[in-house]
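Every read-out reported here was derived from the displayed coordinates using simple, explicitly stated rules and does not represent laboratory data. Since the model is a prediction, treat every value here as computed from it, not as a measurement. So basically every Cβ, Gly included, is an ideal-geometry build from the backbone, and we count neighbours across all protein chains shown.
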Amino acid sequence: MLALGFGERGSIDPAISLLMRDTGIAHLMAISGLHIGMSGTLGWLLARALQFGLPEKYINYRLPVYCGVLFTAAYTVISGASPPAVRTFISITITLALRLTGKNWHSWQIWMVCIAVILFIDPLTILSESFWLSAFAVATLIFWFQWLPGYSTRTLWRLPLALVHLQFGIGFLLLPLQILLFHGASLTSLPANLIAVPVISFITVPLILAGIMVELTGWRLAEFGLWYLADRSLELVFRVLAALPEGWREGDSRLQWLGYLPWLMVVWWRCRHWLCSHFIIPVATVLLALPFWPRKSQGEWSVHMLDIGQGLAVVIERAGKALLYDTGHAWPGGDSAKQTIIPWLRWHHLEPQGIILSHNHLDHSGGMKSLLQAWPHLQVRSSVASPGWLPCSAGQRWRWQGLQFTVHWPPDNYTGLENNRSCVVKVSDGRFSMLLTGDIESAGELALLRNATQALNADVLQVPHHGSRTSSSSALLSAVRGKTALASVSRYNAWRLPSRPVVRRYRQQGYHWYDTANSGQLTVNFSSGDWQIKGLREHISPRWYHQRFGEPDDKG
């Protein structure tokens, strides 16, 4: 009720949040256009009732409209003026203002004007997933009712059929956006929304709005009764939802384009192409399913340094398989694996087969538990002794997916500091290579150079200890003789990493410097003839706003 009335979702039980996600009703449990619209409707109805007692000269259609906008503004403020509520208020105000001009504005024109005004007032709204979900949900409704408006009937089944038509359309056409934002879709969203939307829209939300109004009057008994009825209505909804079969299905990037098939089917049906072009849908389906076709690997492999903040998580990928070097950090209630690594692996349809844990600091081992819960069969190799884990010590060599792995540090029974116990591993395909160093510091680097039995030279170097001054000695950089340095650091971190002298040292020795703070995720693609590096913000998914937040030399 706090979420519905005031947009406060922090106290919702995780199990309830998971149930809402699995049944596709999470959109209802927040301040949204539905609730703001209900408050505006309440204001309009009160004004209409008031007009029955007013002189004839005060009776006009504008007064209820103004009263509805006033109630909308009041509820937006009472609910905490969350961004979705403010966007809804702006949209309602713009829509009514356009209608009051007396001109015949088309639905698409109103939609575009509302989006333009919202982005003009707050350009950073473009970063909000909820904004795009709301905007495209409205666009979906406009498209659906224009292309497949349904059939009018005057029977008792008119309203239920209209609701089924509405929910099916919005669920059918929002598949691409759901897959893109949530990496999955709910198969039970249609029955769940058919149950939850009417109850929450016409019973729960009005009771909550009435409870808020009665609370202002101080009538405690009526207030208690309204909250009680609202609570019972929600309990009824969640009992029914809990009885539904589990409907959430994870998806990956291969499903993204296939999700556009419903839009093509609507256009195909509405334009009656099925009468003369029976092959369009089969051909479109084959084209959209191309990502599912297996592709032969021609020696390519990739290394991805994920953008997980102040920590380290590197994914080595080849032929649809993955090997992880470190697992990011952890915090109360979450970790990098749950937040980033696991969704990223599933979205890219990669099967993890093992983990190399450099050392036991939380910013490198924080996601280990979640990864082992998701894939219990993962083989773990580390310099940290633990039951069931393989050791990671100097001199070890193994092959994985045709790649050669060589451990250069630490030696057996090494008793140095935790950072200097980092497992230093070189990955090579015989022509190109990358050196993974964890958090090894200068003392460990010098010992590594004295004791290494194999050449350390590599094309790409993972910057030790996130670019701290205690690491990346000139001796190590000279021994590696690399071309590119990759550092995993968070933007505006408390340690002001990477250190400017360290970055300068790399550049003086001829390295090209990249870090996740500025480039986001970093990907190195190796092929039989060459290799190239791509940053998420510059190459993989460039956006105008990626380069507007902080200068490269500004570390906060």
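Annotations
- FRET E, pair His349, Leu264, Förster distance 22 Å, beta-carbon r, rounded to 0.05: 0.40
- Within the range 98-155, chymotrypsin sites (Phe, Trp or Tyr not before Pro) in DSSP loop having at most 10 other beta-carbon neighbours inside 10 Å: Tyr151
- Ranking Ile540, Thr188, Trp147 by Cα position along the charge dipole of the chain, where only Lys, Arg, Asp and Glu carry charges on their C-beta atoms, puts Trp147 farthest toward the positive end.
- Computed over Cα pairs, the Kirkwood radius of the range 401-440 leads via Stokes-Einstein (1.306 mPa s, 10 °C) to a diffusion coefficient of 145 µm² per second.
- Subtracting the Cα-Cα distance of Leu148 and Leu221 from 0.36 nm times their residue separation leaves 21.5 nm of extension gain.
- Loop sites by DSSP among the GluC sites (Glu not before Pro) of the chain, restricted to those with at most 16 other Cβ atoms within 10 angstrom, leave 9-245 as the longest stretch without any of them.
- With respect to the chain, whose longest principal axis is taken over its alpha-carbon atoms, helix 189-199 is tilted by about 40°.
- With a simple spin-label model that places each label point 7 Å from the Cα along the Cα-to-Cβ direction, the separation between Leu2 and Arg239 comes to 2.5 nm.
- Expressed in units of 2.2 N^0.38 Å, where N is the residue count, the Cα radius of gyration of the chain is 1.19.
- Seen from a random direction on average, the alpha-carbon convex hull of the range 108-263 projects onto 13.0 square nanometres.
- The simple Förster model, with R0 at 35 Å and r as the Cβ-Cβ distance, assigns Leu159 and Trp331 a FRET efficiency of 0.15.
- Working from label points 7 Å from Cα in the Cα-to-Cβ sense, the Tyr58 to Phe120 distance is 3.5 nm.
- Taking the C-alpha atoms only, the angle from helix 107-121 to the longest principal axis of the chain is near 50 degrees.
- Candidates Leu159, Gly311, Met20 compared by Cα position along the dipole of the chain: farthest toward the positive end lies Leu159, with charges placed on Cβ.
- Applying 1/(1 + (r/R0)^6) with R0 = 51 Å to the Cβ-Cβ distance of Ala385 and Leu194 gives a FRET efficiency near 0.35.
- Each label was represented as a point 7 Å from its Cα along the Cα-to-Cβ direction; for Tyr414 and Leu46 these points are 7.1 nm apart.
- Note on the range 301-547: dipole from Cβ charges, positive end direction compared against Val489, Trp344, Val503; the farthest Cα belongs to Val503.
- Additional length obtainable on full extension of the chain from Ile540 to Arg21, 0.36 nm per residue less Cα span: 184.0 nm
- Computed per residue of the chain from DSSP H runs no shorter than four, each worth -39500 (n - 2.57), the mean residue ellipticity at 222 nm is -13500 deg cm²/dmol.
- Helix 129-147 vs. the chain, principal-axis angle (Cα, 0 to 90°, nearest 10): 50 degrees
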